[in-house]
1. Obtain the nm distance between the two label points defined at residue 105 and residue 36 by a simple spin-label model: each point lies 7 Å from its Cα along the Cα-to-C-beta direction.
2. Tell me the label-point distance for the pair residue 43, residue 67, using the 7 Å Cα-to-Cβ offset, in nm and rounded to one decimal.
3. Would you mind classifying the stretch 27-137 by shape? Square roots of the alpha carbon gyration tensor eigenvalues, ordered a ≥ b ≥ c; an a/c under 1.5 is rounded, otherwise it is prolate if a/b is larger than b/c and oblate if not.
4. Arranged from highest to lowest average of other beta-carbon atoms within 10 Å per residue, in what order do the peptides 32-43, 91-102 appear?
Ligand code: HEC
């Protein structure tokens, strides 16, 4: 009986912490919380990038949460590219592409705005296949 109660308490504790983690991991507009405030991070590009690759078209700015150390970004770095199209509301670009470095590897996710919230547009191997062309600069094209 006593072990059963302890098990129940443990299960409840795990369930609660999962809910807290789930809430903490996304911001109000649907972007992950680790991108919060990206507009205030140092920009990698001097002028907005126009046109460019077929994968990301629009007016683009690239922000990095951390600085390169000997041409490599440290673990935990988040790189955000905002992709704005004509008619977008200020601060709400139609698309937001995100790279996040965890344990030496970049994770890629791109979000698209729909009905005031961001949802996942594409992610993973598709992104990585093209970004591998920028391997020499730590998979980041923008210098
Ligand atoms: C066909 C090639 C291609 C694919 C596929 C691609 N990208 Fe990119 N990406 C680029 C290029 C080129 C840039 C440089 C800026 C520009 O021209 O838009 C870039 C820039 C970025 C940046 C800013 C950092 C940097 O490298 O300059 C992020 C973040 C990003 N891409 C995320 C993604 C994500 C997430 C995906 C998948 C959903 C993706 N990319 C797919 C070519 C690609």
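Quick note: the coordinates plus some simple rules give every number you see, no bench work behind them. Computed from a prediction, not measured in an experiment: that's the story for all the values here. Every residue, glycine as well, gets a Cβ built from its backbone with ideal geometry; the counts of neighbours run over all protein chains shown.
1. Output for this residue pair reads 2.8 nm.
2. 1.9 nm
3. It is rounded, given that a/c, with a ≥ b ≥ c, falls under 1.5.
4. 91-102, 32-43
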